[in-house]
């Protein structure tokens with residue numbers, strides 16, 4: 001009982017830090033302040049975070065800020081200078097250099113030529129190419145999940161909390177399978193009310209404590225589109241899948257939510273090389 005109570009207390013401290021980072025991406029994040037939030041000595045906090053999350057705090061903040069910046073570039077008309085400022089860079093030149101290193105092209109070019117533009121052109125019939133969609137029969141899955149409410153672009157917050165919980169119990173490994181379950185249509189549900197679940201497929205019996213829960217992903221027939229590129233652009237893959245492929249396929253959707261499986265690790269994979277398998281349930 002005493003060990004379980006200590007573990008819960010530790011989980012709460014890690015969750016506070018994760019929430020603080022995601023809520024203060026616009027701010028200068030002070031590492032000593034994060035140590036205070038975690039109630040851990042700053043001499044040891046960095047090593048604890050790195051050991052559990054697989055990356056340094058600085059790497060987490062950089063990855064999250066660039067992910068958000070890519071979303072602004074793909075989905076808004078916000079000026080590059082403003083995006084640079086919101087991403088914590090003193091000038092456009094610094095932001096351009098760091099963004100280019102991560103995404104393979106400077107921000108302005110990414111806005112014009114990123115993978116989101118390929119799906120836009122496909123949806124409009126502007127280019128003669130298509131993406132491979134496979135029909136597969138999937139077995140039911142059981143996942144340890146954490147609910148997320150709000151923009152799907154921000155589900156990383158739930159994943160970071162979930163990984164912290166699992167990592168502190170040595171339940172993450174090279175074969176860990178991560179999924180995101182998306183319950184609402186972002187075109188009709190207000191962003192603040194979108195429901196989703198960050199999950200990890202269970203391969204062994206596990207006792208979970210709130211706010212984590214067990215979620216069953218229905219088995220059956222699925223259309224599977226494997227998308228390669230930044231998570232910020234996956235919205236446009238959905239538009240092509242629903243707007244172009246589905247009407248032409250002769251298939252009908254089943255009464256179950258869509259889910260994604262993340263086939264490589266965003267902590268160690270360039271955004272342009274990320275692989276996301278989108279599973280659309282079919283009758």
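The values are calculated or read from the model by the stated rules, or taken from the named source; none is laboratory data. Keep in mind that what you see is a predicted model, and the values were worked out from it rather than measured. FYI the Cβ positions are ideal-geometry reconstructions off the backbone, even for glycines, and counts take in every protein chain you see.
Odds and ends about this structure:
- The residues listed here are 12, 101, 84; of these, the one that is buried (at least 19 other Cβ atoms within 10 Å of the Cβ), free of Cβ contacts under 8 Å to residues at least 24 places away in the same chain and in a helix (DSSP H, G or I) is 84.
- Filtering the range 15-27 to residues that are part of a loop (DSSP other than H, G, I, E, B) and in contact with a helix residue (DSSP H, G or I) (Cβ under 8 Å, 6 or more places away or on another chain) leaves 25, 26.
- Hey, residue 196 in contact with a helix residue (DSSP H, G or I) (Cβ under 7 Å, 6 or more places away or on another chain), assigned by TED's automatic domain parsing to the domain that holds residue 271, surrounded by fewer than 17 Cβ atoms within 10 Å (Cβ to Cβ) and modelled with pLDDT of 90 or more or not: no
- Scanning the range 28-67 for residues that are touching a residue at least 12 places away in the same chain (Cβ under 8 Å) and not in a helix (DSSP H, G or I) gives 28, 29, 39, 40, 54, 55.
- For the range 152-171, the set of residues classified as over 11 Å from the mean Cα position of the chain (by Cα) and closer than 18 Å to residue 60 by Cα consists of 161, 162, 163, 164, 165, 166, 167, 168, listed by residue number.
- Qualifying residue in the range 147-162 (condition: touching a strand residue (DSSP E or B) at 6+ places or on another chain (Cβ under 7 Å), farther than 22 Å from residue 227 by Cβ, surrounded by 15 or more Cβ atoms within 10 Å (Cβ to Cβ) and modelled with pLDDT of 95 or more): yes
- Qualifying residue in the range 171-186 (condition: modelled with pLDDT under 85, in the same structural domain as residue 255 (by TED's automatic domain parsing), surrounded by fewer than 16 Cβ atoms within 10 Å (Cβ to Cβ) and more than 17 Å from residue 262 (Cβ to Cβ)): no
- Taking residues in the range 238-259 that are over 28 Å from residue 145 (Cα atoms), and partners anywhere that are at pLDDT 90 or above, the pairs with Cβ atoms closer than 7 Å and at least 6 places apart or on different chains are 245/133; 251/223; 251/282.
- Considering residues of the range 71-81 that are buried (at least 18 other Cβ atoms within 10 Å of the Cβ) and at pLDDT below 90 only, the residue farthest from the chain's Cα centre (by Cα): 74
- Residue within the range 125-132 that is touching a strand residue (DSSP E or B) at 6+ places or on another chain (Cβ under 8 Å) and either farther than 15 Å from residue 237 by Cα or modelled with pLDDT of 80 or more (or both) present: yes
- If you go through the range 37-57 and pick out every residue that is surrounded by 13 or more Cβ atoms within 10 Å (Cβ to Cβ) and either under 20 Å from the mean Cα position of the chain (by Cα) or farther than 23 Å from residue 154 by Cβ (or both), you end up with 14.
- Of all residues in the range 220-270, those satisfying the criterion of being over 30 Å from residue 99 (Cβ atoms) and in contact with a helix residue (DSSP H, G or I) (Cβ under 8 Å, 6 or more places away or on another chain) are 223, 253.
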